[in-house]
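Below you'll find the structure, written out as structure tokens, and then a few comments.
Bear in mind that the values in this text are calculations on the coordinates, not laboratory data. It should be emphasised that the depicted structure is a prediction, and the values quoted were computed from it without experimental measurement. For neighbour counting, all protein chains shown are included, and Cβ atoms are generated from backbone atoms with ideal geometry for every residue, glycine included.
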Amino acid sequence: MIGAPNRFAHVHKSAATYLDVAANDHGDEKGLLVYRALQRVESPEPHLVEIGPGGGAAVEYIATRAAEEPRPVRLTLVEAPGVSSTSLTDAIGRFNAVGSCVLVHGWAQDIGRLLREPVDVISASALVHEVYSYGGAYSGLHTLMRTLPTVLHPYGYFVYRDVYAVTAPSLHERVVQSYSSQSWLQFWRMFVPHYLREGTHPYHHHDDEVVARQNSRIVPVTELDTRVCAVIEAPVGLFREVQRHYITCRDHVWRSGILGFRPVLDGPLSGDWIDFRTGHKRVHYALMESDRIPTMQRANLLAVSEPFDDHQVIDGDIFDAVSDVALMAFMSEAEQGADDCVRTWDSWLTREGREAYAYLTLDELLSAFAVHSINAHPGRDLVLMPVSADDVFTRDRRYYNRFLTHRLSNPLVDAKQMVLFQNIPLSDTETLQRALGTLQTICSKPTLARPGSRCGPGIPVPRRRAGTPGHRCGRGGRPR
């Protein structure tokens, strides 16, 4: 799936509780743009490729859609060596009932050698941040961007879905946030020094220094007092990383059952909404046989819950508050060396503790794809850009955003970024003008000038209409 076998956590990424369950949801979202691309492809036998199929959620969605297609559909799946999934095997079987599907193992940056011929659509969900994290940082990312046009047919599509970064000109823009929650301060103390030391991240410049203050005095992050409000100044991208890692850590600890309860995070019961618009939902959970949850806390939890079949159901806001207290105790014990807590913490840290979820803003991402895809292959002048405005959008994580709003003073939006890139020949000035017009509504002027200047003198950069924002657009600075 990615490009650095020496750092990729094969065992942890293949664990059934992760690949078959935790990372195997949102199949309709993962397959949405794939199906949109399939509808636009004119090939009599479309060939689709998915890099990093995980547990096969998108494969199942595409199989459902392929059953409605009058044309035969071919699907090739590219997964990292050593990574396997029972649910993916089942999904492949279901796809083969309506089309043809094969699985090959290899790294994303070797996609040019793995595919014997150009294909119509390539899809990657949550792949690009892993290429950045394990495959050479920006160099690996740019290599992938240069490779994609060479393995796509002209007018083929690349479907991108990954974690939304931030609404800012740069991930390095310095901002100030305050933290009063004990569990978040504990997480900063344990995770951030490890991430800055061990992870693949871009925060190496002197202006990227993390400055934490408590009681108006600068303190090292490793010495943050969880009982005292902290005011922290750092790059906005780093705050984004802390948010996303806190959520993945919390969900990992929840699934382990080590807190004394295990919430239902997958399947129909995970979407028991009180108000979907505001992200307010009920949480279904089972109490575990554990001495970690005190008798009084267990009684209090049951007092605000209701029985539901063989488990309990509780208001999500109440559950989040209870969970944060338990998570704080868990992290404190892990820091002090409690064996079971250390094992659970280390298993999450090994799987995701080095990953960079925010590596480029949307503005930078669209520009980088355009610039690095141009002239990627001698004699084939192609550029990857979204053509239509509705091919660039975000999907908010409403529940997570509600949780973050209740815990943080300046929460950053948690969402998935979706882009459908088309492999456009530079000779097609009409399509290029449409694509540059789409970038005009999203990107800043300097960013817009980069692909425009590379596309050749015959392709003028569209002038920004009066009143059109620069890198920001739509609600909260995100493309609609």
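Observations, loosely collected:
- The simple spin-label model puts a point 7 Å past each Cα toward its Cβ; for ARG213 and ILE247 those points are separated by 3.0 nm.
- Average projected area [Cα convex hull, the chain], square nanometres: 24.0 nm²
- Taking region 174-352 and dividing mean pair separation by its residue count, relative contact order in percent (alpha carbons under 8 Å, at least six apart): 20 percent
- Estimated from helices alone, the mean residue ellipticity of the chain at 222 nm is -12500 deg cm²/dmol (sum of -39500 (n - 2.57) over DSSP H runs with n ≥ 4, per residue).
- Percentage of interatomic Cα-Cα distances in region 154-213 larger than 14 Å: 72 percent
- Exposure proxy order (Cβ contacts within 10 Å, fewest to most) of TRP254, TRP107: TRP254, TRP107
- The label-point distance for CYS229 and ASN410, in a model that sets each label 7 Å from Cα toward Cβ, rounds to 1.4 nm.
- What the Cβ-Cβ distance of ALA299 and THR89 gives, at R0 = 41 Å and to the nearest 0.05, is a FRET efficiency of 0.40.
- Three principal axis lengths of region 118-252 [C-alpha, angstrom, descending]: 60, 33, 26
- With the charge dipole of the chain set up from +1 on Lys and Arg Cβ and -1 on Asp and Glu Cβ about the Cα centre, the Cα lying farthest toward the positive end among the listed residues PHE421, GLY267, VAL102 is that of PHE421.
- Exposure proxy order (Cβ contacts within 10 Å, fewest to most) of ILE293, ILE218: ILE218, ILE293
- This ranking places MET385, MET328, MET296 by how few other beta-carbon atoms lie within 10 Å of each, fewest first, which gives MET296, MET328, MET385.
- Net lengthening on full extension, SER43/THR429 (0.36 nm per residue, minus Cα-Cα): 136.7 nm
- As a length-normalised measure over Cα pairs under 8 Å and 6 or more apart, the relative contact order of the chain settles at 16 percent.
- Extension gain (nm, one decimal) between LEU196 and ASP110, 0.36 nm per residue minus Cα-Cα: 28.1 nm
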